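Engineer: First the structure, then my questions, so here it is.
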Amino acid sequence: MKKIPMRKCVVTGEMKPKKEMIRIVRSKEGEVSIDPTGKKAGRGAYITLDKECILLAKKKNVLAYHLKAEINDSLYEQLLQLAEKGTKAENGQ
């Protein structure tokens, strides 16, 4: 049996399979971006790809705290779009 890599969501504190989460990374230059491959260099934070979770992260500014960087609203917009796509895929639409 293959071991499933687990990661902790910075918003909920729950341990979940890496596939269910998305990594946000801050590069050395301080640029924050979504890292779908999970392989970019820099400080990373994992967040559950769920609308409520993303909105809570935005409200509480969790990502800015974890990554010690300014988080642009457009990043949250991208995350919400990814969550929408993910939800549709799960429901077989």
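Read the figures in this text as sums done on the coordinates, not as results from a lab. In this text the structure is predicted, and so the values were computed from the model without any measurement. For neighbour counting, all protein chains shown are included, and Cβ atoms are generated from backbone atoms with ideal geometry for every residue, glycine included.
Engineer: Taking R0 as 41 Å, what's the FRET efficiency between Lys3 and Gln81 from their Cβ-Cβ distance, rounded to 0.05?
Structural biologist: So the FRET efficiency works out to roughly 0.85.
Engineer: Looking at the P(r) of the chain, how many percent of alpha-carbon pairs lie beyond 19 Å?
Structural biologist: Cα-Cα pairs in the chain separated by more than 19 Å: 37 percent.
Engineer: Greater than 28 Å separation of Cα atoms is the criterion. Which listed pairs, Lys3/Lys40; Lys58/Lys85; Lys2/Lys68, meet it?
Structural biologist: Long pairs (Cα-Cα over 28 Å): Lys2/Lys68.
Engineer: How charged is the neighbourhood of Ala64? Take every other residue with its Cβ under 14 Å from the Cβ of Ala64, and add Lys/Arg as +1 and Asp/Glu as -1.
Structural biologist: +3
Engineer: Ok, one more. Find the relative contact order for the stretch 6-90 and round it to a whole percent, using C-alpha pairs within less than 8 Å whose residues are 6+ positions apart.
Structural biologist: Averaging sequence separation for qualifying contacts and normalising by length gives 27 percent for the stretch 6-90.
Engineer: Applying a 10 Å radius around every beta-carbon, put 50-60, 69-79 in order of their mean neighbour count, most first.
Structural biologist: 50-60, 69-79
Engineer: Any chance you could run the full-extension gain for Asp73 through Ile34? It's 0.36 nm times the residue separation minus the Cα-Cα distance, nm to one decimal.
Structural biologist: Going from the current span to full extension adds 12.8 nm.
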